[in-house]
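For reference, the structure discussed in these notes is given below.
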Amino acid sequence: MQTSNPQAAPGPPPPVVEGKSEFFAQLNRFWQRVTEGLELSQLWKQFSADARSSYRLYHRDFRARAPQETRKRSFLHTAQEYIWAILEKLTPARRVCLLLGVVLLLIPSGGYSYLKKSGELVVVELDPHFWGGAVLFVLLMLEIADRVVMKRDLEIARDIQRWLLPAKPPQVRGLEIAFTTRPANTVAGDFYDVFSRPAAGSSEPHFLLAVADVAGKSIPAALLMATFQASLKTLSETSTSLADLVTSMNHYACTNSQSGLRFTTAFLAEFDPASRALTYINAGHNAPMLRRRSGVIERLSVGGLPLGMWADKSYEAGKLILESGDWLVIFTDGVVEAVNGGDEEYGEERVLNLLQMGATATPEELLRRMMSDLDAFVGPTPQHDDITCMLVKAV
């Protein structure tokens, strides 16, 4: 006689509900499409960055609306000024829609009843919350449509700007060059270029190295950057001295600077491959770092005021000889003023340390190290200025 052990023969596995698993699969695909594969921590960082950016935008308008002596008023007054700062970003019709939607959301749900002639009691329920949400949803769709159009236009402008800037440096006898730029927004106000120009009394062309930073950001700065590049290329076609070139650039910039409000800081240098002489003018720009082969650091500050401030100002040119093993680091203030989450600036000391430690590397390698170190320093903190850097090594 055999006895059965109920634990020895497990029953069949529970049936798989195919409809339920397919539902969760579709839900997962929908979530991946919405989030573009980002994790929750990444989404939170992105939301925090967007929230801080929006707050700075509205806070700037609040400070412009409220004079210094009225900023210490009551909480209601401060809230009122912030509300106006938000409303003024909308068209009048959309302001009405926003106010209507908010009012409908604040009205409590309710209804009313009336008696028909037949004696039947009719009760009508009102749900203002639904209509308030519908009005705000329509407003959201209108704002999204505007943003999509603007984003498309900005992407076109970004592509044009990338086309205007060189993708890679030209071959220059005696120099190795690398450069990069990172806009704070879709388009940037930074400019860099390396190109040949005719030299007086010489059959071999000289090469112009230029890095510039237009005051401001986004579209206005990008438009002025484009005019700066066009004027620089046009004026460089003649074999004038660098001082005359910069003076002409300043005259031109003064006609487009809105009485000096839209000035441009620039570092322009002309390299003669035959004599290895570098003539430069610093027009109010961050002083580039020149590391000699011996390790000594020099700063190239000879020049004058930023371009576009005063038309009658003259510029003094500095001159030096680049020897094999010398390094030249040209950068905009977005590099050294990049901040991390603790509001600490990257600073010139870090750039100098990387330069000293990487003197034997190629410009491409050292530039890659600098950008990686900068990324590690700032982390997810959004930057408020464009970042541009050019490295030049004499060989």
Tell me, what ³J(HN,Hα) does each residue in region 135-141 have, in order and in whole Hz, if you take phi through Karplus 6.51 cos²θ - 1.76 cosθ + 1.60 with θ = phi - 60° and put x for Gly and Pro? 5, 5, 5, 4, 4, 4, 5
Provide, in order from the shortest bin, the percent of all Cα-Cα pairs of region 258-395 in each 5 Å bin, continuing until the bin that contains the maximum pair distance. 2, 9, 18, 19, 19, 15, 10, 6, 2, 0
Nothing charged except the Cβ atoms of Lys and Arg (+1) and of Asp and Glu (-1): what's the magnitude of the dipole of the chain about its Cα centre? Round to the nearest 20 debye. 720 debye
Could you check the spin-label model distance between THR240 and ILE321? Points 7 Å from the Cα along Cα→Cβ, value in nm. 3.0 nm
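Just check the chain against the gyration tensor rule for me: Cα atoms, a ≥ b ≥ c as the square roots of the eigenvalues, rounded for a/c under 1.5, and otherwise prolate or oblate depending on whether a/b exceeds b/c.
On the way: a/c = 2.98, a/b = 1.66, b/c = 1.79.
Here the chain falls in the oblate category.
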Enter the per residue convex hull volume of region 155-223, computed from alpha-carbon coordinates, in Å³ rounded to the nearest integer. 101 Å³
For region 327-338, what does the Karplus curve 6.51 cos²θ - 1.76 cosθ + 1.60, with θ = phi - 60°, yield as ³J(HN,Hα) per residue in whole Hz, taken in order and with x for Gly and Pro? 10, 10, 10, 10, 8, 9, 5, x, 6, 7, 9, 5
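Using a simple charge model, +1 on the beta-carbon of Lys and Arg, -1 on the beta-carbon of Asp and Glu, nothing else, what dipole does region 248-395 show about its Cα centre, in debye to the nearest 20? Don't skip to the end; give the middle numbers.
Numbers: 12 positive and 20 negative charges, 103 e Å.
With Lys and Arg at +1 and Asp and Glu at -1, about 500 debye.
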Quick one: pull the percent of accessible area on the chain belonging to carbon and sulfur, 1.4 Å probe, ligands and nucleic acids left out. 59 percent
Positive dipole terminus of the chain, leading residue within TYR280, LEU90, LEU175 (C-beta point charges): LEU90
For the chain, accessible area per residue (1.4 Å probe, heavy atoms of protein chains only), Å²: 60 Å²
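Go through LYS20/LYS45; LYS151/LYS233; LYS217/LYS319; LYS233/LYS393; LYS313/LYS393 and tell me which ones have a Cα-Cα distance over 26 Å in this structure. Walk me through the numbers before you get to the answer.
Details: LYS20/LYS45 33 Å; LYS151/LYS233 30 Å; LYS217/LYS319 32 Å; LYS233/LYS393 24 Å; LYS313/LYS393 32 Å.
The answer is LYS20/LYS45; LYS151/LYS233; LYS217/LYS319; LYS313/LYS393.
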³J(HN,Hα), Karplus 6.51/-1.76/1.60, whole Hz, each residue of region 294-305, x for Gly, Pro: 6, x, 6, 9, 10, 10, 9, 10, 5, x, x, 6
Per q in 0.24 1/Å, what log10 I(q)/I(0) does a Debye calculation on the alpha-carbon atoms of region 286-335 return? -0.97
Under 14 Å from the Cα of LYS168 - aspartates and glutamates, other chains or at least 8 residues apart: GLU176, ASP193, GLU364
Between ASN256, VAL339, THR240, whose Cα lies farthest towards the positive end of the dipole of region 213-341 when Lys and Arg beta carbons carry +1 and Asp and Glu beta carbons carry -1, centred on the Cα centre? VAL339
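The values are calculated or read from the model by the stated rules, or taken from the named source; none is laboratory data. Because the structure is predicted, anything quoted here is derived from the model rather than measured. For neighbour counting, all protein chains shown are included, and Cβ atoms are generated from backbone atoms with ideal geometry for every residue, glycine included. Surface areas here come from the heavy atoms of the whole protein model, side chains and all, with no ligands, DNA or RNA. Shrake-Rupley method; radii C 1.70, N 1.55, O 1.52, S 1.80 Å.
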